[in-house]
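Let me begin by presenting the structure, written as structure tokens, before commenting on it.
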Amino acid sequence: MRIDANTEEHEVVAAVRRGHHLAFAELVRRHQRRSYGVCRAILANHEDAEDAVQEGFLNAYRAIDRFEPGQPFGAWLHRIMANAARDLWRRREVRHAERLPDSLPDAVGDFGDGISTSDAVKAGLATLSQRQRAVVVLHDLEGFTHAEIASTLGIPEGTAKSDLHLARRRMRAHLSRYRLEMF
């Protein structure tokens, strides 16, 4: 079977399940960008997000036989990506917790007048919980719907909406220090 960009996704998945392992490369190509977006929303940096995407694709490949053909492949894959990112986050948090000094500086610090918009937004995102940051990035930057966010993060849709509202409020409060209104 020839697999290319025009092949229907359910056919590509079926080919992988039948043992055509190279067909998985097509699934990676189709979902790599959005998978990175899911992982980046949860994790604090680019390198960790790339690691989580690789781990997520490996986990998806290993679990492809458990994929239910009637469901959307992207939703199933993004849930795996979110889990891989959260697992990596937990492993990194444990490692960082072991190295914490006795006294910690203020997490945000005093930026002064020369702070860039990008730095202010990054600092604001750092004040959010992992899930709130993920919801904001997935919704506002990646364009996920509330239902997609709920499915990806394994939370109720109402929780996704509530987290987005609370995160935006917290970001507004943080950014008001810099007279930046983005949310």
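A short reminder: the numbers here are calculations on the coordinates, not readings from a lab. For clarity, every value in this text was computed on a predicted model and none was experimentally measured. All Cβ positions, glycine included, derive from the backbone under ideal geometry; neighbour counts span all protein chains shown.
Can you put Tyr178, Tyr61 in order of Cβ neighbours within 10 angstrom, beginning with the fewest? Each step should come with its number before you reach the end.
Numbers: Tyr178 17, Tyr61 14.
In order of increasing Cβ crowding within 10 Å: Tyr61, Tyr178.
What order, most packed first, do the peptides 130-139, 65-74, 32-41, 50-59 have when packing is the mean number of other Cβ atoms within 10 Å of each residue? Don't skip to the end; give the middle numbers.
Details: 130-139: 22.8, 65-74: 11.2, 32-41: 21.3, 50-59: 18.8.
Going by the mean number of other Cβ atoms within 10 Å, highest first, we get 130-139, 32-41, 50-59, 65-74.
If you wrap segment 117-176's Cα atoms in a convex hull and average its projection over all directions, what's the area in nm²?
Working: hull surface 14.5 nm².
That works out to 3.6 nm², a quarter of the Cα hull's surface.
What's log10 of I(q)/I(0) for segment 26-73 at q = 0.19 Å⁻¹, Debye sum over Cα points only, no solvent?
-0.63
Please work out, to two decimal places, the log10 of the ratio I(q)/I(0) at q = 0.19, 0.24, 0.25 Å⁻¹ from a Debye calculation in which every Cα of segment 9-97 carries one identical scatterer.
-0.79, -1.13, -1.20
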